[in-house]
Amino acid sequence: MNANPPINDAILQVEHLSMKFGGLVAIGDLSFRAKRGEITALIGPNGAGKTTVFNCITGFYKPSEGMITLNRSDGSSFLLERLPNHEIPARAKVARTFQNIRLFSGMTLLENLLVAQHNKLMKASGYTVLGLFGFSSYRKVSAESVDLAKHWLEKANLVDRADDPAGDLPYGAQRRLEIARAMCTGPELLCLDEPAAGLNPKESLALNELLMDIKNNSGTSILLIEHDMSVVMQISDHVVVLEYGRKISDGDPKTVRTDPRVIAAYLGVDDEEVETVLTEVGDEEVIEQLDTGPDSAHGPGNSASMLAGPVSDTVGHSNGGERVTVEKGAGKADRSGPRAPDERQSTDKSGGRK
Ligand SMILES: Nc1ncnc2c1ncn2[C@@H]1O[C@H](COP(=O)(O)OP(=O)(O)O)[C@@H](O)[C@H]1O
Ligand SMILES: [Mg+2]
């Protein structure tokens with residue numbers, strides 16, 4: 001194997017991913033790439049399979065079929081479906097937040113961010129109580145952990161509340177704290193499951209700013225599940241659309257928002273009926289664009305559909321590109337079915353490769 005493999009510009013490659021729950025195909029033959037340094041949005045109606053994709057990427061579910069490759073910036077690659085769960089954050093450097101907020105609500109903000117760095121701190125202690133008090137390495141790492149926590153509290157605009165219990169924060173601030181906590185683990189890929197759900201416009205703006213800051217200044221790439229289309233259209237570089245577990249569109253936000261299949265999926269109608277429905281909701285500008293095809297014009301601002309929200313100026317890219325060479329036998333996951341979060345696989349050590 002090449003000692004210095006070229007760094008792949010795709011941080012994440014999902015190839016032919018399928019996830020079945022009994023007879024239900026939650027994800028069917030899904031392939032897409034997320035580019036390094038970008039914000040990739042995964043959108044689709046409720047039940048489309050978005051959270052299931054995240055659960056496969058982060059090891060909560062074992063895919064029925066397919067391959068999920070994480071390419072780190074040091075050139076190493078990991079087949080996530082083959083990695084034991086606990087190694088996905090530690091070795092592959094993938095962090096996530098959940099659709100429902102999961103914070104330690106009785107702990108302060110600072111404590112929440114320090115708990116996230118538990119592994120690093122325990123390692124520095126040599127896993128002994130003596131180490132906690134005696135090792136200078138522990139004191140150094142401990143001070144660094146506090147600095148990192150402060151850094152992300154500042155970025156999330158929460159430093160004034162550092163000593164308050166997390167449960168006392170307003171909802172939008174709790175969402176930002178979750179993201180700050182995930183960032184304290186030093187991820188290369190941050191997976192966010194509907195971070196804007198339930199936020200008011202001001203909180204949504206603060207979230208956008210935090211995500212843009214992460215994208216521009218931290219070196220972390222973002223995979224974002226989102227329903228709030230103003231968030232998706234403003235900050236995403238690339239959008240992948242799912243419906244009934246299958247990919248129906250893939251491209252830059254401007255292209256995706258005018259894709260008739262996407263409009264049909266969001267309005268819950270067949271392709272042929274799209275124009276009728278749009279006429280009913282008075283979205284003439286989109287109808288015009290559908291007739292003429294996607295162009296450089298900005299889209300509508302008042303649709304009841306996913307088309308609402310301004311278009312960001314982004315450079316589109318195809319979803320083709322460099323492929324990873326996979327070791328023999330590494331292609332298919334074991335078909336042992338879904339696992340609950342606590343039924344973690346602990347024997348397969350073959351996921352990582354350099
Ligand atoms: N653990 C599970 N067991 C059975 N069905 C599931 C499970 N998780 C998700 N599903 C089903 O898979 C489909 C996709 O769900 P989900 O990924 O949560 O959708 P989304 O996040 O896009 O709303 C839904 O029909 C859901 O009921
Ligand atoms: Mg979901």
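Here the condition is being within 16 Å of ligand 2 (Cβ to nearest atom) and at pLDDT below 95; of 44, 106, it holds for 44 alone. Kindly state which strands (runs of 3 or more DSSP E) lie completely within region 20-81 and contain at least 3 residues that are within 15 Å of ligand 1 (Cβ to nearest atom), surrounded by fewer than 23 Cβ atoms within 10 Å (Cβ to Cβ) and touching a residue at least 60 places away in the same chain (Cβ under 8 Å). It comes to 24-35. Summed over region 187-245, residues that are without any contact (Cβ under 8 Å) to a residue 60 or more places away in the chain and closer than 22 Å to residue 14 by Cα total 1. Quick one: would you say residue 12 is touching a helix residue (DSSP H, G or I) at 6+ places or on another chain (Cβ under 9 Å) and either modelled with pLDDT under 95 or among the charged types (D, E, K, R) (or both)? It is false that residue 12 is touching a helix residue (DSSP H, G or I) at 6+ places or on another chain (Cβ under 9 Å) and either modelled with pLDDT under 95 or among the charged types (D, E, K, R) (or both).
Conditions tested, residue by residue: (1) modelled with pLDDT of 95 or more; (2) more than 21 Å from residue 211 (Cβ to Cβ).
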residue: 118; (1), (2): no, yes
residue: 121; (1), (2): no, yes
residue: 124; (1), (2): no, yes
residue: 132; (1), (2): no, yes
residue: 141; (1), (2): no, yes
residue: 147; (1), (2): no, yes
residue: 152; (1), (2): yes, no
residue: 166; (1), (2): no, no
residue: 169; (1), (2): no, no
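The values are calculated or read from the model by the stated rules, or taken from the named source; none is laboratory data. Everything quoted here is computed from the prediction, not taken from an experiment. Positions of Cβ are backbone-derived with ideal geometry, glycine not excepted, and every protein chain shown enters the neighbour counts.
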